[in-house]
1. Would you please name the residue that is farthest from A:Leu421 (Cα to Cα), looking only at residues in the stretch A:187-205 that are in contact with an Asp or Glu (Cβ under 7 Å, 6 or more places away or on another chain) and surrounded by fewer than 21 Cβ atoms within 10 Å (Cβ to Cβ)?
2. Please determine whether any residue of the stretch A:257-264 is in a strand (DSSP E or B), free of Cβ contacts under 8 Å to residues at least 40 places away in the same chain and within 30 Å of A:Ser313 (Cα to Cα).
3. Would you point out the residue of the stretch B:137-172, among those that are among the acidic types (Asp, Glu), free of Cβ contacts under 8 Å to residues at least 24 places away in the same chain and outside any loop (DSSP other than H, G, I, E, B), that is farthest from A:Leu226 (Cα to Cα)?
4. Would you confirm whether any residue within the stretch A:162-180 is touching a Lys or Arg at 6+ places or on another chain (Cβ under 6 Å), within 14 Å of A:Ala41 (Cα to Cα) and crowded, with 23+ Cβ neighbours inside 10 Å?
5. Hey, among A:Gly380, A:Gly358, A:Gly326, which residue is over 25 Å from the mean Cα position of the chain (by Cα), within 14 Å of another protein chain (Cβ to nearest Cβ) and farther than 27 Å from A:Ala435 by Cβ?
6. Has the stretch B:126-137 got any residue that is within 13 Å of another protein chain (Cβ to nearest Cβ), under 28 Å from the mean Cα position of the chain (by Cα) and farther than 19 Å from A:Ile274 by Cα?
7. Working only within the stretch A:383-407, note down all residues that are over 19 Å from A:Pro345 (Cα atoms), in contact (Cβ under 8 Å) with a residue 24 or more places away in the chain and within 17 Å of the chain's Cα centre (by Cα).
8. Can you pull out the residues in the stretch A:337-355 that are within 14 Å of chain B (Cβ to nearest Cβ) and modelled with pLDDT under 95?
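The values are calculated or read from the model by the stated rules, or taken from the named source; none is laboratory data. Here the structure is a predicted model, which is why all the values come from computation and not from measurement. Neighbour counts run over all protein chains shown; Cβ positions are idealised from the backbone, glycine included.
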Amino acid sequence: MRAVTKYMFAAVFLLMPVSACFAQYDYIKISNPFLHKIPIAVPMFKPLSESQVARETADRYAVVMSDALEFTRYFTLIDRDAFIDRPRQTGITLHDINFKNWRDIGAEYLVTGGVSVVKGVVEMEFRLFDVFKGQMLAGKRYRGQMKDRRRIVLRFCGEIMEKITGNRGCFQSKIAFVSSGDGNKEIYICDFDGHNPVRITKNKSINLSPAWSSDGRALAWTSYKLGRPDLYIMNLLDRRVTRFSMKGVNISPAWVPGKFMLAATLSFEGDQEIYLITGSGKVVRRLTWSWGIDVSPSFSPDGKRMAFVSNRSGTPQIYLMYLDTGRTERLTFDGRYNTNPSWNPVDDRIAYCAMENGVFNIKVIDVATRKTVSLTAGQGDNESPCWSPDGSLIVFSSTRDGGVPRIYVMSAVGTDAKRLLVLPGEQTSPRWSPAVAVAGR
Amino acid sequence: MDKKRFFAGLVTLCVVCALLFTVSCTKPKVKEESATMETVEALPAQETEKAAQAEQSAAEQSAAEQEAVAAEQAAAREAFVNEDIHFDFDKATLTSEAREILKRKAKWLEENPDASIVIEGHCDERGTTEYNLALGDRRAKAARDFLVDLGISASRIDTISYGEERPLDPGHNEAAWAKNRRAHFVIR
């Protein structure tokens, strides 16, 4: 993660006037930011070098930026047709901006960009302005190759998010999922917004339940590659794969935060219990000791507690285990089928999937108060929730469109559900990576 | 059929001729005899034919018997493979019907001591992938444990869970789900 960051920052030049502006800025409270979205204007970027490719890049990547900002569900993008000024003509620096003209169309923030392409080297500079204060909040210039353009734009989107909301968002994260488009369930990885889907497994068996390590460098999943449900762990940097296979099922992996260690359900002792195993495939210890099914572990951000599903009470319910003492308590009491817990990476809330009247919907339970909120209703079956690394979005699978399971992303409060990507077949089991993930190559 | 009729006709003709000649004249006895001889000569052929026929029919019968036995065995084997046991939603407990089926399977396993089997545990599509993999494991193991209780060696039985990954019926309704909540038996 650090290496990647370093690499990117090597190509970044801080513009001088930036430094003075940050200190007095107040972060926006994000208790429910999705009901009052932040109006932001992203006019077309200005070509700074005379070439067709610079002009095309300026057009295309302004759209990439506005799409990425819109994806966060924090922002509402002001229609470009409503703009009074055209920074492409009038200029993109602080002195060129007439803030009144942006206030008048309802913008609270403005992003300007300039693009030059010389001999295959792309330079992009961006500025974020607070329209009401008439100040520049951030300004950066990036240099890279043509293939880095999207990454550069997304990097500045992270700056925008950080300046306005206090977190860098999930622009460098990825989503792993299962797709049956090739006739078999295979594991895929795509960007946070559904772009660049890459197939990871190609074994034509059944591949299930992808899980990211907390450093974003390893992926574990269940595969029938050799005929039985075994665990596979891939180092995404070199694509080396380790197989973990014991008698019975080897399923439901979830990584322990900050460690090269994962919890998984094994049944070599007969019962389906959750065990801790190392990333290299050694059993560390058994975590659950009750008769019946114990499955679907998910860890609290500090790694000290584990939510999981157990049917020890007769039906599948979500339980909470304190890993130091092993003390276990039941978390869900409503309904007869509660599964798929996913612990919010930043606070103590757990998203899960509940069946009521034969329909599956996504709910969130606050661990402290045990208060439950429903996030989906009346739109097919909604399953496999997983939080974005900043806890602001939830990715899930839903049959809302024609009964076929596909992947959607909604805000953490259940609004703005949109399909993540279009691929043939069924897409299920989405798992959001940590903030920075290694690309699936 | 035609052959049979032909021989029957031939025999009848010969017998009638023989009777006629025997009764009516004595003179052309030689001829008669020759005729008889001819007939006699013909007889062994007929008898051979008959014997062959008998042999054939015996062979046929025994083949049929064997076939019947084989068919019975195949049917038993087929029943063993084709007859799944079914489960209630979110349950791995054996229904009374499932127990009856398993008793028949135990009988077959006793009669076929060389056979070893794999029990596949399956679930319907509802619920999570992971929970269903675990539930399928429990279903397969419940069936195995019952067979072991009936005296079948555990070493002859392997189990595997497919969770909800291999539905028998791709439908999205209770009829399909009921079919898919099953343990399936495969002879290795």
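1. The residue in question is A:Lys202.
2. Of the stretch A:257-264, the ones in a strand (DSSP E or B) are A:261-264.
From the residues that got through so far, the ones that are free of Cβ contacts under 8 Å to residues at least 40 places away in the same chain too are A:261.
Those still in the list that are within 30 Å of A:Ser313 (Cα to Cα) too: A:261.
Yes; the residues of the stretch A:257-264 include at least one that is in a strand (DSSP E or B), free of Cβ contacts under 8 Å to residues at least 40 places away in the same chain and within 30 Å of A:Ser313 (Cα to Cα).
3. For the stretch B:137-172, the residue satisfying everything is B:Asp149.
4. No: the stretch A:162-180 contains no residue that is touching a Lys or Arg at 6+ places or on another chain (Cβ under 6 Å), within 14 Å of A:Ala41 (Cα to Cα) and crowded, with 23+ Cβ neighbours inside 10 Å.
5. Just one listed residue meets the conditions, A:Gly358.
6. No; the residues of the stretch B:126-137 include none that is within 13 Å of another protein chain (Cβ to nearest Cβ), under 28 Å from the mean Cα position of the chain (by Cα) and farther than 19 Å from A:Ile274 by Cα.
7. A:Ser397, A:Ile407
8. Those that are within 14 Å of chain B (Cβ to nearest Cβ) and modelled with pLDDT under 95: none in the stretch A:337-355.
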